[in-house]
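One structure is given below, encoded as structure tokens.
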Amino acid sequence: MNDSAFDVVVVGGGPAGLGAACAAAESGSAVGLLDDTPWLGGQIWRGQELKPANREARRWLTRFGDSGATLLRGASVVAAPHPGLLLAEQNQRPCQVRWQRLILATGARELFLPFPGWTLPGIMGPGGLLALAKHGWPVNGRRVLLAGSGPLLLAAAESLSRQGANVVSILEQAPWRKVMAFGLALAAHHKLWQGIQLKLRLLGVPYCCGAWPIRAEGNDQVRRVTLTDGQRTWVEECDLFACGFGLVPNVELPLALGCELAAGFVRVDSRQATSVPHVYAAGEPTGIAGAGSALVQGLIAGYAAAGQAAKAEALFAERDGWHRFRAALARAFALRLELKTLAADDTLLCRCEDVSLGHARQFNDWRDAKLQSRCGMGACQGRVCGAAAKVILGWEAVSVRPPVLPALVSSLISQPQPRPEQSSSDPRASSKRP
Amino acid sequence: MTTDQLQVRVNGRLVTVLAGTVVAAAIARAGVAWSRHSVIGQPRGALCGMGVCMECRVMIDGQPQARSCLILCVEGMEVVTDE
């Protein structure tokens with residue numbers, strides 16, 4: 001088995017992870033960065049490694065390359081058997097990664113909410129379609145309808161149009177007045193939002209606020225989507241339906257390590273340290289605020305983990321500015337109540353085990369539903385339906401059991417026992433908390 | 001075929017794609033709308049595009065349950081949906 005050891009291990013190669021790895025490696029620490037994809041940059045900068053188009057992404061990818069950090073590409077963490085050790089799989093083979101300090105930059109995924117027809121092929125997340133389009137998914141000439149919530153809808157529409165997609169329409173569930181207020185507040189600091197809106201106007205793509213999907217139809221793939229603004233309903237024809245209701249933090253690994261959450265996000269102190277000694281978190285797992293926020297949080301975590309307290313502190317003000325942006329984002333794109341009732345009793349909630357919402361809601365809570373209906377027990381381990389159940393049923397639907405991802409049996413049987421000689425280097429034994 | 005192109009087989013059918021194409025995209029380019037059928041027999045395709053939802057899992061070179069959205073095409077790769 002491949003075995004490696006680092007002073008600082010970073011999980012996730014998006015902006016937060018890159019910032020963290022650069023800060024720690026440039027401070028002289030031996031750094032290993034694990035990412036479960038074959039490319040660097042996370043979802044937001046996906047594709048930038050091959051074809052750099054974004055100046056910011058190029059700058060950070062270059063800085064990472066020069067930092068001396070080791071990249072473990074395509075390495076998925078499957079378990080954290082004891083402090084100081086991660087069990088991962090790389091190229092279908094198990095590997096062990098030892099750490100003195102651990103920085104979790106696991107990013108976020110899209111929130112999918114069930115509605116009749118939501119399981120049809122051709123319906124995917126706006127971020128998901130964008131990611132796949134960067135890696136060869138055919139969108140040229142395809143009619144793409146976008147719906148859901150958040151700034152990602154606009155960014156995806158703009159990028160997909162540039163790649164030749166015929167963007168039919170963008171439906172934002174948040175009301176126009178909230179979105180406008182957010183745009184105005186943001187425009188004071190950032191030109192990005194205005195820029196995207198302007199480009200879409202030039203392309204003639206309608207951006208409709210206060211509207212959402214109620215049904216999708218098609219035989220083997222999506223063909224028609226019925227939409228509503230609460231008053232009237234109408235139908236749009238499409239080849240691809242990109243639908244996502246914002247982002248959900250990936251907190252499975254933080255939870256597996258024992259990190260405490262607050263309101264669904266990993267609780268961190270001013271140095272991005274979690275409740276678990278020597279474990280830090282940066283980026284979306286601590287709150288949804290995008291790449292700029294993730295970068296600065298990553299830098300703070302990297303400097304803190306490498307013992308560079310002053311350098312970390314110098315970035316606190318910038319980070320706190322992003323906290324205000326984070327709050328504005330959450331306010332503007334808060335989900336409307338109507339979205340909780342889109343799914344009918346026979347609409348599937350759990351796509352892995354095909355459990356309907358009507359069946360799942362007979363149970364008292366997430367745990368009960370899992371045990372008795374297999375809801376959330378399939379291949380995605382509740383990552384999709386758990387987030388939906390939280391919105392629709394109000395269930396606290398995050399629970400983690402090792403392995404955190406479906407794992408090879410060889411990985412599991414290779415799982416080591418804590419070694420006695422480790423106690424001297426056990427981070428918990430260290431007297432000072434970074 | 002140019003140097004930045006490569007060929008894979010999807011359910012036995014030869015597809016030419018650009019280097020940097022993920023398997024899920026090659027499946028779409030082969031005209032196959034889905035990657036698997038669910039427990040009750042519904043067709044399913046890629047949903048999250050980032051390795052979370054597992055809807056895009058297929059058999060790649062004999063390896064079952066591979067996340068096709070995260071795996072880049074390699075010359076001569078054999079992809080089978082509904083494995």
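The values are calculated or read from the model by the stated rules, or taken from the named source; none is laboratory data. Keep in mind it's a predicted model, so treat the numbers as computed, not measured. No Cβ is skipped: glycine too gets one built from the backbone with ideal geometry, and neighbour counts run over all protein chains shown.
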| task | Would you point out the residue of region A:136-153, among those that are in contact (Cβ under 8 Å) with a residue 40 or more places away in the chain and small (Gly, Ala, Ser), that is nearest to A:Cys238 (Cα to Cα)? | result | A:Ala147
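When only residues in region A:325-348 that are more than 20 Å from the chain's Cα centre (by Cα) and not in a loop (DSSP other than H, G, I, E, B) count, which is farthest from the other protein chains (Cβ to nearest Cβ)? Outline the logic, then answer.
Pass one, region A:325-348, residues more than 20 Å from the chain's Cα centre (by Cα): A:336-348.
After this cut, where a residue has to be not in a loop (DSSP other than H, G, I, E, B) as well, the list is A:337-341, A:348.
On the way: A:Leu337: 25, A:Glu338: 22, A:Leu339: 18, A:Lys340: 20, A:Thr341: 22, A:Leu348: 8 Å.
The qualifying residue farthest from the other protein chains (Cβ to nearest Cβ) is A:Leu337.
Quick one: would you say A:Ala387 is part of a loop (DSSP other than H, G, I, E, B) and out of contact with any Lys or Arg (no Cβ under 6 Å at 6 or more places or on another chain)? Steps first, please.
On the way: part of a loop (DSSP other than H, G, I, E, B): no; out of contact with any Lys or Arg (no Cβ under 6 Å at 6 or more places or on another chain): yes.
So A:Ala387 does not fit the description; no.
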| task | Select from region A:379-410 the residues that are more than 12 Å from chain B (Cβ to nearest Cβ) and over 30 Å from A:Leu85 (Cβ atoms) and list them in ascending order. | result | A:Ala389, A:Lys390, A:Val391, A:Ile392, A:Leu393, A:Gly394, A:Trp395
| remark: Scanning region A:88-110 for residues that are outside any loop (DSSP other than H, G, I, E, B) and within 30 Å of A:Gly150 (Cβ to Cβ) gives A:Leu102, A:Ile103, A:Leu104, A:Ala108, A:Arg109, A:Glu110
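Could you grab me the full set of residues in region B:47-69 that are buried (at least 16 other Cβ atoms within 10 Å of the Cβ), in a loop (DSSP other than H, G, I, E, B) and of a type outside the set (A, V, I, L, M)? Explain how you work it out, then say what you get.
Narrowing region B:47-69 to residues buried (at least 16 other Cβ atoms within 10 Å of the Cβ): B:47-60, B:66-69.
When the remaining residues are screened for being in a loop (DSSP other than H, G, I, E, B), the result is B:47-56, B:68-69.
Selection gives B:Cys48, B:Gly49, B:Gly51, B:Cys53, B:Glu55, B:Cys56, B:Ser68, B:Cys69.
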| query | Of all residues in region A:349-370 being on the phi < 0 side of the Ramachandran plot, assigned to a loop (DSSP other than H, G, I, E, B) and among the charged types (D, E, K, R), which is farthest from the other protein chains (Cβ to nearest Cβ)? | reply | A:Asp365
| request: Check A:Pro427, A:Pro403 and return the single one that is more than 16 Å from A:Val248 (Cα to Cα) and modelled with pLDDT of 70 or more. | output: A:Pro403
| remark: Contact list, first residue from region A:121-133 and more than 7 Å from chain B (Cβ to nearest Cβ), second anywhere and part of a helix (DSSP H, G or I) and crowded, with 24+ Cβ neighbours inside 10 Å, beta-carbon distance below 6 Å, six or more apart or interchain, is A:Pro126/A:Leu153; A:Pro126/A:Ala156; A:Leu130/A:Ala156
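For (1) in a strand (DSSP E or B); (2) surrounded by fewer than 20 Cβ atoms within 10 Å (Cβ to Cβ), each residue gets a yes or a no:
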residue	(1), (2)
A:Ala24	no, no
A:Leu33	yes, no
A:Trp39	no, no
A:Gln48	no, no
A:Trp60	no, no
A:Arg63	no, yes
A:Leu72	yes, no
A:Val78	yes, no
A:Leu86	yes, no
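Counting just the residues of region B:11-41 that are assigned to a strand (DSSP E or B) and in contact with a strand residue (DSSP E or B) (Cβ under 9 Å, 6 or more places away or on another chain), which one comes out surrounded by the most Cβ atoms within 10 Å (Cβ to Cβ)? Give the derivation first.
Step one: list which residues in region B:11-41 are assigned to a strand (DSSP E or B), which gives B:13-18, B:22, B:36-37.
Then drop every residue that is not in contact with a strand residue (DSSP E or B) (Cβ under 9 Å, 6 or more places away or on another chain), which leaves B:14-18, B:22, B:36-37.
Details: B:Leu14: 9, B:Val15: 22, B:Thr16: 13, B:Val17: 24, B:Leu18: 15, B:Val22: 28, B:Arg36: 21, B:His37: 12.
Selected residue: B:Val22.
Please determine whether any residue of region A:116-135 is more than 23 Å from the chain's Cα centre (by Cα) and not polar (S, T, N, Q). Walk me through it before giving the result.
Here is the first cut: in region A:116-135, the residues more than 23 Å from the chain's Cα centre (by Cα) are A:116-117.
Still in the list and also not polar (S, T, N, Q): A:116-117.
Yes: region A:116-135 contains one or more residues that are more than 23 Å from the chain's Cα centre (by Cα) and not polar (S, T, N, Q).
What about B:Gln5, is it within 7 Å of another protein chain (Cβ to nearest Cβ) and surrounded by fewer than 24 Cβ atoms within 10 Å (Cβ to Cβ)? Step through it out loud before you land on a result.
Values: within 7 Å of another protein chain (Cβ to nearest Cβ): no; surrounded by fewer than 24 Cβ atoms within 10 Å (Cβ to Cβ): yes.
When the stated conditions are applied, B:Gln5 does not pass them.
Condition check: over 14 Å from A:Pro138 (Cα atoms), surrounded by 20 or more Cβ atoms within 10 Å (Cβ to Cβ) and facing chain A (nearest Cβ under 7 Å). Does B:Arg44 satisfy that? Don't jump to the end; show me each part of the working.
Details: over 14 Å from A:Pro138 (Cα atoms): yes; surrounded by 20 or more Cβ atoms within 10 Å (Cβ to Cβ): yes; facing chain A (nearest Cβ under 7 Å): yes.
Answer is yes for this residue.
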| Going by the conditions given, is B:Thr21 at the interface with another protein chain (Cβ under 7 Å from one of its Cβ atoms), under 12 Å from the mean Cα position of the chain (by Cα) and in contact (Cβ under 8 Å) with a residue 40 or more places away in the chain? | yes
| field | Pick from region B:53-73, criterion over 11 Å from B:Ala24 (Cα atoms) and out of contact with any helix residue (DSSP H, G or I) (no Cβ under 9 Å at 6 or more places or on another chain), ranking: nearest to the other protein chains (Cβ to nearest Cβ) | value | B:Met54
| Given (1) under 24 Å from A:Leu257 (Cβ atoms); (2) hydroxyl-bearing (Ser, Thr, Tyr); (3) within 14 Å of chain B (Cβ to nearest Cβ), number of the condition A:Ser159 does not satisfy | (1)
| task | Kindly list the number of the only condition in (1) touching a residue at least 12 places away in the same chain (Cβ under 8 Å); (2) more than 14 Å from every other protein chain (Cβ to nearest Cβ); (3) at negative phi that fails for A:Leu34. | result | (2)
